[in-house]
Amino acid sequence: MVDKIILHWLDGSRAQRIVWLLNELNVPFEVKPYKRKNFRAPRELREVFPLGRAPIVEIFPDGDETEEPIVLAETGYIINYLIENYDKEKKLIPTSRKDQELVKYYLYYAEGSLQSILIALLVNSKVAGASPFGLKYIAGVVTQAINKGYYLPELKSNLKFLDDRLSKVEGDYFVGNKLTGADIILSFPLVDNLFSDVTSTKEFTGLDVVTLYPNIKRWSDKIKLETNRSDALLQVKNLSPNL
Ligand SMILES: N[C@@H](CCC(=O)N[C@@H](CS)C(=O)NCC(=O)O)C(=O)O
């Protein structure tokens, strides 16, 4: 019997990367969609895993639903688990041990370092608007100073690091001249958050990312084409990625 895999999927979220991965692995799965309420995941997602963040993956080994499922949370861990357990043909696994470790580095890096900078910038950009009227001005000055003094230089340093890495790789991908978990995890911060809408990114960060980071731009265009195929897959299941 094959394992039964359920992907708990939230609109406009990191869960889309898991659709792409499962599609690449050619593994059958079910999608359970959730719709955000006031930008947040609905409470039902907490019934699957207590932190209630997407994606969450449930696996019933051998399709046996009488047993408790294996429940996976955290995108990097989910990607690693799915590749380790279901990539029998090593489609997404680089050949050298060094490159295999590099993929794992990116799985930690994307959520641990890069995404946390983007979240801080996003939160800081909302503080003034959410403050009581008399505090809006001062809140704006303080958060802008924090962004200018810390988060924006951090973002620039991270994007330069990634652009330099791409300038030195052989081929079009981050590791081993093939699509790996590194590209899949980095697609959310780089493609979805920064390069899909470069005008908003300019307003949000002041950075002209297309000019400053041409290697990421080239990679991002390629990745966008590849992910469109899995967006199409969701539409086939009557679940628009923009639900
Ligand atoms: N570090 C987690 C973050 C998960 C996360 O924050 N997911 C967002 C969607 S992209 C979410 O569920 N947001 C709903 C909420 O904040 O209520 C991961 O990598 O999976």
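The values are calculated or read from the model by the stated rules, or taken from the named source; none is laboratory data. None of the values given here were measured: they were computed from a predicted structure. Ideal geometry is used to build each Cβ from the backbone, glycine not excepted, and the neighbour counts take in all protein chains shown. Only protein heavy atoms, including side chains, enter the accessible area calculation; ligands, DNA and RNA are left aside. Shrake-Rupley method; radii C 1.70, N 1.55, O 1.52, S 1.80 Å.
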Revision key, fill the gap. Tilt, helix 214-236 to longest principal axis of the chain (alpha-carbon atoms), in degrees rounded to tens, equals 50 degrees
Point to revise | Cα-Cα pairs of segment 165-243 separated by more than 15 Å (percent) | key: 61 percent
Revision key, fill the gap. With label points set 7 Å from each Cα along the Cα-to-Cβ direction at Glu84 and Leu51, the distance between them in nm comes to 1.7 nm
Check your understanding: Which whole-number value in Å² is the accessible area per residue of the chain, probe 1.4 Å?
Key -> 55 Å²
Review point. Where nothing but the Cβ of Lys and Arg (+1) and of Asp and Glu (-1) is charged, how large is the charge dipole of the chain around its Cα centre, in debye to the nearest 20?
Key: 980 debye
Revision key, fill the gap. For Arg14, other-chain or 5+-apart residues with amide H closer than 5 Å (H placed, Pro excluded) are none
Exercise for review: Would you mind pulling out the separation of the Cα centroids of segment 179-243 and segment 62-112, in Å?
Suggested key: 21 Å
Check your understanding: Expressed as a whole percentage, what fraction of the accessible surface of the chain belongs to carbon and sulfur atoms when a 1.4 Å probe is rolled over the protein heavy atoms?
Key -> 54 percent
Point to revise | Accessible surface, 1.4 Å probe, highest first, among residues Glu226, Glu84, Glu203 | key: Glu203, Glu84, Glu226
Practice item. Could you tell me whether segment 65-130 comes out rounded, prolate or oblate from its Cα gyration tensor? Rule is a ≥ b ≥ c as square roots of the eigenvalues, rounded for a/c under 1.5, then prolate if a/b exceeds b/c, otherwise oblate. Key: oblate
